[in-house]
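The structure under discussion appears below in the form of structure tokens.
The values are calculated or read from the model by the stated rules, or taken from the named source; none is laboratory data. Remember, predicted model here, so these are calculated numbers, not experimental data. We place every Cβ from the backbone using ideal geometry, glycine too, and count neighbours over all the protein chains shown. These area figures cover heavy atoms from the full protein model, side chains too; ligands, DNA and RNA do not enter into them. Shrake-Rupley method; radii C 1.70, N 1.55, O 1.52, S 1.80 Å.
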Amino acid sequence: MSTDILDQKLVDSTVEFFNENGGAVIPDFLSQEEVASMRAEAQRLLEELDVATHPMTVFSTGTQGKEHVGDNYFFDSWDNVSYFFEEGAIGEDGKLKVEKEKSINKIGHGLHNKLPVFRDVSLSPKIKQLAKSMGMKDPRVLQSMLIFKQPEIGGLVPPHQDSTFLYTEPVSARGFWFALEDCTLDNGCLEYIPKSHSVPISKRFVRKEDGFGTTFIDIPHDKSLLDKENEPYVPLEVKAGSLVLIHGNVLHRSSPNLSTKSRWIYTFHCIEGDYEYDEKNWLQPSADSELTRLL
């Protein structure tokens, strides 16, 4: 790693901003050598994809009346290196409309367990330092993935809260989001509503009771805070190497990438290990495993 730990004054000011706003940015968190290594590994994964043996699972976010992704390939990805296609990459004939390296929406969701370059970043002393400073007691790493906003077909990610997808009681999800390329409004950078982490989550993304597919279920919530949903989004245009911290309740989104430039990122989440994480959550460790301990 470029440095073992961060300057504690920087950490303290970042955490203070994060606690107030629900999001924060640390520029140059990764060295350019680290960015290059992660990009090289991502490129290797794209090149090694065997389309002939892939179930051609599309990563759908549930927009335009389509069901959210939820097949067995998706469920089994919790600790694997699994590939998910962009909705716009596959034609009606079931064949790719673009070359395979530009057809993938994301690769996940166990990269921090399977590939050293991502494990080294995810479990680094700097991440441990940040988690401790954010007050996490028993942070567990989960849902690590590369996300590729592919040129011209990179899909819309609608407004959402990460706690909806990685639910604990009480909620505890924190996102660590690393730019592997410059992220701008043109290629679909993150956008968030500052201070919207006060908005309670109103639904959960869960496995269907019959075990096939996923769905959303409503949960009781305080409707008095929902006016935050109508406040303006702030774009987080960041340079490659930047880290964006995302509170699990903060409302965020990203626009489609209609530009000719890709937007590659690596991300993972942490939850509190001693909070209730039930069988309804989509991501379920196998019976003989546990979520990765950070500390």
- Tell me, which cysteines of the chain are without a disulfide-compatible partner by the Cβ under 4.7 Å rule? Cys270
- With a ≥ b ≥ c the root eigenvalues of the C-alpha gyration tensor of region 181-226, is it rounded (a/c under 1.5), prolate (a/b larger than b/c) or oblate? oblate
- Item | Unit charges on C-beta of K, R, D, E only; dipole of region 206-256, Debye | 220
- Query: How much length is gained on full extension from Tyr275 to His221, taking 0.36 nm per residue of separation minus their Cα-Cα distance?
  - Reply: 17.5 nm
- Note on the structure: Env charge @ Asp218, Cβ radius under 10 Å, K,R +1 / D,E -1, value +2
- Could you tell me whether region 1-44 comes out rounded, prolate or oblate from its Cα gyration tensor? Rule is a ≥ b ≥ c as square roots of the eigenvalues, rounded for a/c under 1.5, then prolate if a/b exceeds b/c, otherwise oblate. oblate
- In region 76-213, lysine pairs with alpha-carbon atoms under 14 angstrom apart (chain gap of 8 or more, or interchain): 4
- Item | the chain, accessible surface, carbon-and-sulfur percent (1.4 angstrom probe) | 50
- Which residue, chosen from Gln129, His54, Leu251, occupies the Cα position most advanced towards the positive end of the dipole of region 8-273, where the dipole is computed from +1 (Lys, Arg) and -1 (Asp, Glu) charges on Cβ about the Cα centre? Gln129
- Message: Net charge around Leu236, counting only other residues with Cβ within less than 13 Å of its Cβ (Lys, Arg = +1; Asp, Glu = -1)?
- Response: 0
- Query: What is the set of long-range amide H partners of Ile90 at a cut-off below 5 Å, with H atoms built 1.01 Å from backbone N?
  - Reply: Lys97
- Item | Distance in nm between pseudo-label sites at Glu209 and Gln284 (7 Å out along the Cβ direction from Cα) | 1.5
- Task: Excluding Lys137 itself, calculate the net charge of residues whose Cβ lies under 13 Å from the Cβ of Lys137, where each Lys or Arg counts +1 and each Asp or Glu counts -1.
- Result: +2
- Quick one: compute the contact order of region 8-273, relative version, from alpha carbon pairs under 8 angstrom and 6+ residues apart, as a percent. 28
- Computed over the Cα atoms of region 239-295, what is the convex hull's projected area averaged over all directions, in nm²? 6.6
- Message: Using +1 at the C-beta of Lys and Arg and -1 at the C-beta of Asp and Glu, which of Gly188, Val98, Val11 has the Cα lying farthest in the positive direction of the dipole of the chain?
- Response: Val11
- Note on the structure: Heavy-atom accessible area of Thr214, protein chains in place, probe 1.4 angstrom, given in Å² to nearest 10, is 10
- Query: With charges set only on the Cβ (+1 for Lys and Arg, -1 for Asp and Glu), what does the dipole of the chain come to about its Cα centre, in debye to the nearest 20?
  - Reply: 240
- Excluding ligands and nucleic acids, what accessible area in Å² is computed for Thr184 using a 1.4 Å probe, to the nearest 10? 50
- Query: Going from most exposed to least, what order do Asp182, Asp274 have by accessible area with a 1.4 Å probe?
  - Reply: Asp274, Asp182
- Query: How fast does the chain diffuse by Stokes-Einstein, in µm²/s, taking the Kirkwood radius from C-alpha pairs at 10 °C and 1.306 mPa s?
  - Reply: 82
